[in-house]
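Take a look at the structure set out below.
The values are calculated or read from the model by the stated rules, or taken from the named source; none is laboratory data. What you are looking at is a predicted structure, and each value in this text was computed from that prediction instead of being measured. Note that we place each Cβ from the backbone using ideal geometry, even for glycine, and neighbour counts take in every protein chain shown. Protein only, heavy atoms only, side chains kept; ligands, DNA and RNA dropped before computing areas. Shrake-Rupley method; radii C 1.70, N 1.55, O 1.52, S 1.80 Å.
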Amino acid sequence: MYKEISSIHNPTIKQLVLLQEKSKERRKNGLFLIEGIREVNLALKSGFELTEIFYCEEIITQDALENLKEVLPDSVSQVIVSEDVYKKIAYRSGTEGLLACAKSKSNCLEDLILPENPLLLIAEAPEKPGNIGALLRTADAAGVDAFILANPKTDLYNPNIIRSSVGGLFTVDIATGSTQEVIQFLEARNINCYAAILQEAISYEKQDFTKPTALVVGTEADGLSQEWRTHATQNIIIPMQGSLDSMNVSIAAAILVFEARRQRGFN
């Protein structure tokens, strides 16, 4: 079924703007927006349920549109919007004239299905959407079995996270929970926990990450909470040669997870 919308004052368009701008609106409706051809296709491939797609015929290429329609479920409504309307609802420029409305997932810890010898990346309380997006890209690149946000400080479906993850939000299994819940989850599954903490720490290169492993990173400003220091299998550090004692959290995470992958033979 097709519809056309040419007015920026249309109630549907006003609702889309609210979904883009307000986390409260996303939580209340259980919906969020996805921009871009690659991102929408990744979401479909990863099992996200789309409710509607909105596309601007003046912007989207015919090939891209036809390819999308081949994999689009019949249940998804298709809405053609004018260029003015698309500019109103688009969060960023250069998204190829396509936007989709999708149902958010629960992201519950208990829903995670892990292999026998999992490799997990955990981030505690990251606030900046850009850092979360970069962590998701790292998690995807390293092929971790899941990415877990402990004590999340921002909405996982924030458009800045979707943009900065370049679709990584849809390619990685993700769960959220309080720090206590995450620690209990790891302990119940006998997963070794390596916390990136400066105090009482040993170089990450001296650790064995070939067994069930969770690598835990904190914010650059505050690091990890005391709970991780208490429950970690081992505190680890990345030895640095300069004058500073910290680095960007996504870079630190990349160093750790790729060392784990190296030890595991990149399988």
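For this structure, a couple of remarks:
- Under-5 Å amide H pairs with I237, H placed in peptide plane, nonlocal only: I202, S203, Y204
- Karplus-derived 3J(HN,Hα), 6.51/-1.76/1.60, for each residue of the range 144-159, Hz, glycine and proline x: 5, 7, 6, 10, 10, 9, 9, 6, x, 9, 9, 5, 4, 9, 4, x
- Long-range HN-HN contacts of A214 with modeled amide H, under 5 Å: L120, N192, C193, Y194
- Taking a quarter of the surface of the Cα convex hull of the range 119-267 gives a mean projected area of 8.2 nm².
- Taking θ as phi - 60° and the Karplus parameters 6.51, -1.76 and 1.60, the scalar couplings of the range 80-88 work out to 8, 10, 6, 5, 5, 5, 4, 5, 6 Hz in sequence order, x denoting glycine and proline.
- Size descriptor, Kirkwood hydrodynamic radius, that averages inverse alpha-carbon separations across the chain, Å: 19.8
- About its Cα centre, the range 58-204 has a charge dipole of approximately 400 debye under the convention of +1 per Lys or Arg Cβ and -1 per Asp or Glu Cβ, with nothing else charged.
- Top of A201, A100, A125 by mean-square fluctuation, Gaussian network on the chain, Cα under 10 Å: A201
- All Cα pairs of the range 88-195, percent lying beyond 24 Å: 25
- DSSP-defined beta bridges in the range 105-195 - what % are antiparallel, rounded to 5: 0
- Point-charge dipole on Cβ atoms (K/R +1, D/E -1) for the chain, about Cα centre, debye to 20: 260
- DSSP beta bridges confined to the range 12-158 are antiparallel in about 55 percent of cases.
- Within the accessible area of the chain (1.4 Å probe), percent carbon and sulfur: 46
- Comparing mean-square fluctuations of R163, R229, R189 from a GNM of the chain with C-alpha springs under 10 Å, the top value falls on R189.
- Karplus-derived HN-Hα couplings along the range 124-134 (A = 6.51, B = -1.76, C = 1.60, θ = phi - 60°), whole Hz, x at Gly and Pro: 9, 6, x, 9, 7, x, x, 5, 5, x, 5
- Paramagnetic reach from Q199 in the range 206-231 [backbone N under 16 Å; point 7 Å along Cα→Cβ]: 218-219, 221-231
- 22 Å Cα-Cα threshold exceeded, pairs from K128/K211; K14/K153; K45/K105; K22/K103: K128/K211; K14/K153
- Here the range 23-67 is treated with +1 on each Lys and Arg Cβ and -1 on each Asp and Glu Cβ, and its dipole about the Cα centre works out to around 500 debye.
- Three semi-axes of the equivalent ellipsoid, the range 1-131, Cα gyration tensor, whole Å, largest first: 29, 18, 14
- Among D208, D173, D74: highest mean-square fluctuation, GNM of the chain, C-alpha pairs under 10 Å: D74
- The chain: antiparallel DSSP beta bridges as a percent of all, rounded to 5: 25
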